[in-house]
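Worksheet: the structure to be examined is printed underneath.
Laboratory data are not the source of any read-out in this text; all were calculated from the coordinates shown. These numbers come from a predicted model, not from an experiment. Here the Cβ positions follow ideal geometry from the backbone for every residue, glycine too, while neighbour counts run over all protein chains shown.
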Amino acid sequence: MAGARAAAAAASAGSSASSGNQPPQEPGLGELLEEFSRTQYRAKDGSGTGGSKVERIEKRCLELFGRDYCFSVIPNTNGDICGHYPRHIVFLEYESSEKEKDTFESTVQVSKLQDLIHRSKMARCRGRFVCPVILFKGKHICRSATLAGWGELYGRSGYNYFFSGGADDAWADVEDVTEEDCALRSGDTHLFDKVRGYDIKLLRYLSVKYICDLMVENKKVKFGMNVTSSEKVDKAQRYADFTLLSIPYPGCEFFKEYKDRDYMAEGLIFNWKQCWDLVQQTQNYLKLLLSLVNSDDDSGLLVHCISGWDRTPLFISLLRLSLWADGLIHTSLKPTEILYLTVAYDWFLFGHMLVDRLSKGEEIFFFCFNFLKHITSEEFSALKTQRRKSLPARDGGFTLEDICMLRRKDRGSTTSLGSDFSLVMESSPGATGSFTYEAVELVPAGAPTQAAWLAALSDRETRLQEVRSAFLAAYSSTVGLRAVAPSPSGAIGGLLEQFARGVGLRGISSNAL
């Protein structure tokens, strides 16, 4: 692992030209999207064909992180740790000024962290271990895949013996068996204790308390067999000390319906017994995540789905952009810079399969950035203090109960989480009588004046609008929208009309759309 000073210095060398010289051309979002829509990122291919483009993207990310943070780099050369994680995994340590970068001293036990990562990577699907990606108020916001099952644990070990460098995708879809079958077939009842034990040690090292699971299922099922598992159904209750929030969210395949509805998310409802459409559901989940990271404790947060490269980057990206819009993280980055960073790092370098998703019309990536128009209001601002109050004293403020919509009988269910409710908050999986939730109201922080606070909120809206406009313009000129069949009247869809009015894109050919 390299120190932040050396990594940041190398990454920012091109941006520190003297005032009298023309700075070198920085890689733009268009170039990034073209590469992204051409191929899925693989760490082992970073120095191969097209490697120079990938290296430019990686270097640019390090430079942007280095603007506001001192960080260490976890080397993932050739995908030795994880085939679809960045070759340079950034571990943010603290916010910093330029002067502080010259005196950077790591705050972590580097060797211990590396050892935990190497030992814990087998615990999660595709080897996508718990990885910190955002630093807010000294807390790590992390991402990962869900827990690996027996078939992947044993299968990956054998497969990687013959094939190195992260070419392990085949084992993401192998048929799995339950932990009970594992004991019967192998007699090794300590396997899960060992690998998941290291996973838990890494979570604790990162001070993670909250685990937000976006899986709809308790266990992913293919061909009638369990493929992956989730912390919430770990029979040994290894994750009992964590607060597990089951917030089922539709997978990437659902976003084909979003595309087929002319990119309109309003009124689009997943097949659950709740009244939220896709907009309301995404808004409510984001509110929940923001309330957790904005709490007064020092606890970190983990967000994951199944593979950790569709739904997970959606919410990680929204968290990063929302906190940035409030001026709370990445404070020196302009709208085009934070957009580049989150597209490159949160999506591309963490292995989102944009090529495959586009071919199937599953435009979850596009949804993420078009969705920014729905989170510009003060409801989503972290420039508020979180005030807890008892449940009976509800007065219309935002509460976790408003998001949960649950009943006691739902807790601990082993059936599909999408059938009766949208969120479960658990402090001890499998235990009875331990269900708790708190009512939370978000109120304005103690700003010097109300006018200053309102000005900050207004600035938030402007910044998010600028990010969205920059994305729409770049996306339309590179990837392009896959328009649905034209209506009988010949009118273009609502989103395309927004393009024409908002970002000056009239005249785009139907082929490009």
Between SER299 and GLU378, what length comes free when the chain is fully extended (0.36 nm per residue of separation minus the Cα-Cα distance, one decimal in nm)?
26.0 nm
Rounded, prolate or oblate (a/c below 1.5 giving rounded, otherwise prolate when a/b exceeds b/c) for region 290-372 by Cα gyration tensor
oblate
If amide H atoms are modeled at 1.01 Å from N in the peptide plane, then the residues at a separation of 5 or more from GLY300, or on another chain, having amide H under 5 Å from its own are HIS140, VAL208, LYS209, TYR210
With +1 assigned to the C-beta of every Lys and Arg and -1 to the C-beta of every Asp and Glu, and no other charges, what is the dipole magnitude of region 246-325 about the Cα centre in debye, to the nearest 20?
120 debye
Can you check what the net charge comes to around THR77, using other residues whose Cβ is under 10 Å from the Cβ of THR77 (Lys, Arg +1; Asp, Glu -1)?
+1
Total formal charge among the other residues, if their Cβ is under 9 angstrom from that of SER207, Lys/Arg +1 and Asp/Glu -1
+2
When the C-alpha atoms of region 269-317 are aligned to their principal axes, what extent does each axis show, in angstrom, from largest down?
36, 24, 17
Placing each pseudo-label 7 Å from Cα in the direction of the beta carbon, ASP115 and SER207 end up separated by a distance in nanometres of 2.2 nm
What does the net charge come to around LEU372 if you take all other residues with beta carbon closer than 12 Å to its beta carbon, with K and R at +1 and D and E at -1?
+3
